[in-house]
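Remarks on the structure that follows.
The values are calculated or read from the model by the stated rules, or taken from the named source; none is laboratory data. The shown structure was predicted, so the numbers you read here are calculated from the model rather than taken from an experiment. Ideal geometry is used to build each Cβ from the backbone, glycine not excepted, and the neighbour counts take in all protein chains shown. Side chains are part of the model used for accessible areas, which takes the heavy atoms of the whole protein and leaves out ligands, DNA and RNA. Shrake-Rupley method; radii C 1.70, N 1.55, O 1.52, S 1.80 Å.
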Amino acid sequence: MDKIYYTLAEANAILPIVKRELEKLQEIKRQFRLKYEELHQLKSYHRNHGIAVQGDPYFTLECEMDFMQVEGNAVLQSFELKGVQLKDVDTGLLDFPALMDGREVLLCWRQGEERVEHYHGLYDGFAGRKKLTGE
């Protein structure tokens, strides 16, 4: 697959879509943590109370978690197919590869910002981001 480069206008145009996908991924992650904790507590309860279990009382929770993992992977693949780099799910940090003055940079957006208005070099990371001055 060829590398995708975004202009500032293109990054901002696709932003509503990737925002929704990010929020969906954050919700999947939140629900997964809850299910994981529920499963852990159930297993711990059975173990600590010496309760003999018949069948597999964990099956439903484990299946739900498996489904969440598949769903989360599908969202991650959607980012990948768009060429959008998801840097941090929790803080909602995304990078859009771009070309600026003939060099490769990353247009940088963090959840809560209205638009893509920053960029940084490929190896500068979030700490090295700078405000864009135009397209």
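Structure data summary
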{"quantity": "Test: Val89 is surrounded by 14 or more Cβ atoms within 10 Å (Cβ to Cβ), of a type outside the set (Ser, Thr, Tyr) and either in contact (Cβ under 8 Å) with a residue 24 or more places away in the chain or farther than 24 Å from Arg129 by Cα (or both)", "calculated": "yes"}
{"quantity": "Every residue from region 15-64 that is β-branched (Val, Ile, Thr), surrounded by 14 or more Cβ atoms within 10 Å (Cβ to Cβ) and out of contact with any Asp or Glu (no Cβ under 8 Å at 6 or more places or on another chain)", "calculated": "Val18"}
{"quantity": "Selection status of Thr60, hydroxyl-bearing (Ser, Thr, Tyr), free of Cβ contacts under 8 Å to residues at least 24 places away in the same chain and closer than 24 Å to Arg129 by Cβ", "calculated": "no"}
{"quantity": "The lone exception for Glu71 - which of (1) touching a Leu at 6+ places or on another chain (Cβ under 7 Å); (2) within 18 Å of Leu22 (Cα to Cα) it fails", "calculated": "(1)"}
{"quantity": "From Lys82, Lys3, residue being among the basic types (Lys, Arg), open to solvent by 80 Å² or more (accessible area, probe 1.4 Å) and in contact (Cβ under 8 Å) with a residue 24 or more places away in the chain", "calculated": "Lys3"}
{"quantity": "Boolean, Gly112 is under 30 Å from Glu37 (Cα atoms) and touching a Phe, Trp or Tyr at 6+ places or on another chain (Cβ under 8 Å)", "calculated": "no"}
{"quantity": "Residue in region 48-70 that is under 21 Å from Lys3 (Cα atoms) and among the acidic types (Asp, Glu) present", "calculated": "no"}
{"quantity": "Options Gln41, Gln26: the member that is within 21 Å of Thr91 (Cβ to Cβ) and either under 28 Å from the mean Cα position of the chain (by Cα) or not in a helix (DSSP H, G or I) (or both)", "calculated": "Gln26"}
{"quantity": "Region 92-130, residues that are in a helix (DSSP H, G or I) and either modelled with pLDDT of 95 or more or open to solvent by less than 40 Å² (accessible area, probe 1.4 Å) (or both)", "calculated": "Gly128"}
